[in-house]
Amino acid sequence: MLGAIRELMRPPAGMEFDFSQPPGEPALTPAHGVSWQVFANPVALFVGGVVAVLLELAEPSVRSGVWDHSSFRRDPGTRLRRTGFAAMMTVYGPRSAAEKMIGRVVRMHARVEGSTPAGVPYRANDPRLLDWVQATATFGFTEACHRYARTLSAAEMDAAFVEAEASARLYGATGAPRSRAGWEAMLAAAAPGLEGSEILADFMRIMREAPILPAPLRPLQRLLVRAAVEITPEPVRSMPQLQGRGLRVGEAALVRMLARAAALAPLGDTPQVQAARRLARAAG
């Protein structure tokens with residue numbers, strides 16, 4: 001069960017990467033920092049990733065950019081694996097490889113532009129939109145870990161935002177918050193412009209029905225989507241497309257059990273394990 005969720009964090013075919021090389025090269029995030037711990041838990045990653053997307057799709061310009069220029073509707077499983085691999089690279093990858101990957105994404109984003117249904121123009125490389133995307137990701141992953149895997153202190157939550165700064169700046173998110181309080185201030189400022197949409201409803205349907213996890217685990221997939229809705233902050237959680245779609249009675253305990261079991265289970269040769277091996281070896 002946990003292995004199937006962990007598979008989502010592995011790169012899709014053609015994007016395989018050995019995180020154990022080159023010996024001694026540091027990552028963009030500090031070794032064994034808060035981010036290394038949060039991203040090691042596949043349940044927190046799945047739930048946190050859904051939280052981030054729910055928040056992104058509530059912002060009209062980000063929503064149009066994501067929905068009009070991505071493969072999510074056609075192939076959500078591959079898209080999730082690509083996103084998961086990018087997250088692994090920014091946290092565990094050697095700095096040179098992470099910088100190269102982010103550079104490719106920035107160049108791709110330079111071609112993404114358009115207008116929202118309301119006629120508002122957008123550019124994917126707009127720093128304001130990049131700040132929102134970066135902040136929602138850091139919040140989503142840390143909140144999922146905090147609520148379901150293990151309690152994070154206020155200092156650890158702040159540290160996660162600080163640790164994300166290096167990659168955020170490479171993406172162009174120069175104003176991404178550097179603390180939990182900074183995120184809460186950003187959310188409060190953005191709240192009047194956030195809105196529900198049919199796209200948000202479509203995303204929820206895809207996440208419930210698409211073959212992201214194997215068929216026998218589809219109930220688990222739906223459970224984790226509900227766990228994400230449960231911790232999505234207001235005003236997004238109360239939007240019509242999400243109302244009544246949070247956890248049912250007793251399910252929070254089940255998600256916590258799964259997340260804590262994931263933390264205790266043998267990791268296998270994951271990006272985290274490979275990265276630790278890389279850093280343990282002196283560069284030759």
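The values are calculated or read from the model by the stated rules, or taken from the named source; none is laboratory data. Just so you know, these numbers come straight off a predicted model, no measurement behind them. In this analysis, Cβ positions are derived from the backbone assuming ideal geometry, glycine residues included, and neighbour counts consider all displayed protein chains.
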Point to revise | Which listed residue, of Ala149, Ala160, is surrounded by 21 or more Cβ atoms within 10 Å (Cβ to Cβ) and in contact with a Ser or Thr (Cβ under 7 Å, 6 or more places away or on another chain) | key: Ala160
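Please work out which residue is farthest from Arg277 (Cα to Cα), limiting yourself to the stretch 60-88 and to residues that are without any contact (Cβ under 8 Å) to a residue 24 or more places away in the chain and part of a loop (DSSP other than H, G, I, E, B). Walk me through how you get there before you give the answer.
Step one: of the stretch 60-88, the residues without any contact (Cβ under 8 Å) to a residue 24 or more places away in the chain are 66, 70-71, 74-75, 79, 86.
Okay, now just the ones that are also part of a loop (DSSP other than H, G, I, E, B), so 70-71, 74-75.
Working: Ser70: 34, Ser71: 34, Arg74: 37, Asp75: 33 Å.
Looking at residues that are without any contact (Cβ under 8 Å) to a residue 24 or more places away in the chain and part of a loop (DSSP other than H, G, I, E, B), I get Arg74.
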Check your understanding: Somewhere in the stretch 247-263, is a residue under 18 Å from Thr136 (Cβ atoms) and either touching a strand residue (DSSP E or B) at 6+ places or on another chain (Cβ under 6 Å) or modelled with pLDDT of 95 or more (or both)?
Key -> no
Study note, to complete from the structure: When Ala252 is run through (1) under 20 Å from Ala52 (Cα atoms); (2) among the hydrophobic types (A, V, I, L, M, F, W, C); (3) crowded, with 18+ Cβ neighbours inside 10 Å, the failure sits at (3)
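Only one of Tyr122, Tyr148 is touching a residue at least 24 places away in the same chain (Cβ under 8 Å), under 26 Å from Arg180 (Cβ atoms) and touching a helix residue (DSSP H, G or I) at 6+ places or on another chain (Cβ under 8 Å). Can you tell me which? Please lay out each step first, then the result.
Values: Tyr122 fails: under 26 Å from Arg180 (Cβ atoms).
Only one candidate qualifies: Tyr148.
Might you check whether a residue that is touching a Ser or Thr at 6+ places or on another chain (Cβ under 9 Å), among the hydrophobic types (A, V, I, L, M, F, W, C) and either in a helix (DSSP H, G or I) or touching a residue at least 40 places away in the same chain (Cβ under 8 Å) (or both) occurs anywhere in the stretch 240-250? Walk me through how you get there before you give the answer.
Here is the first cut: in the stretch 240-250, the ones touching a Ser or Thr at 6+ places or on another chain (Cβ under 9 Å) are 241-242, 246.
Narrowing the set further to residues that are among the hydrophobic types (A, V, I, L, M, F, W, C) leaves 242.
Restricting the remaining residues to those that are either in a helix (DSSP H, G or I) or touching a residue at least 40 places away in the same chain (Cβ under 8 Å) (or both) gives 242.
Yes; the residues of the stretch 240-250 include at least one that is touching a Ser or Thr at 6+ places or on another chain (Cβ under 9 Å), among the hydrophobic types (A, V, I, L, M, F, W, C) and either in a helix (DSSP H, G or I) or touching a residue at least 40 places away in the same chain (Cβ under 8 Å) (or both).
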Review point. So is Ala97 crowded, with 20+ Cβ neighbours inside 10 Å and either touching a Cys at 6+ places or on another chain (Cβ under 9 Å) or in a helix (DSSP H, G or I) (or both) or not?
Key: no
Point to revise | the stretch 185-203, residues that are buried (at least 18 other Cβ atoms within 10 Å of the Cβ), within 20 Å of the chain's Cα centre (by Cα) and within 18 Å of Ser70 (Cβ to Cβ) | key: Ile199, Leu200, Phe203
**Study point:** Top-ranked residue in the stretch 24-40 [being under 18 Å from the mean Cα position of the chain (by Cα), not in a helix (DSSP H, G or I) and not small (Gly, Ala, Ser); ranked as nearest to His146 (Cα to Cα)]
**Key:** Phe39
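Name the one entry in Leu80, Leu54 that is closer than 24 Å to Met257 by Cβ, at pLDDT below 95 and not acidic (Asp, Glu).
Details: Leu54 fails: at pLDDT below 95.
Only one candidate qualifies: Leu80.
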Point to revise | the stretch 48-62, subset crowded, with 24+ Cβ neighbours inside 10 Å and of a type in the set (Gly, Ala, Ser), residue farthest from Ser35 (Cα to Cα) | key: Ala58
Practice item. State whether one or more residues within the stretch 64-76 are surrounded by 21 or more Cβ atoms within 10 Å (Cβ to Cβ) and under 28 Å from Gly24 (Cβ atoms). Key: no
Practice item. Return the only residue of Val91, Val106 being surrounded by fewer than 23 Cβ atoms within 10 Å (Cβ to Cβ), assigned to a helix (DSSP H, G or I), among the β-branched types (Val, Ile, Thr) and within 19 Å of the chain's Cα centre (by Cα). Key: Val106
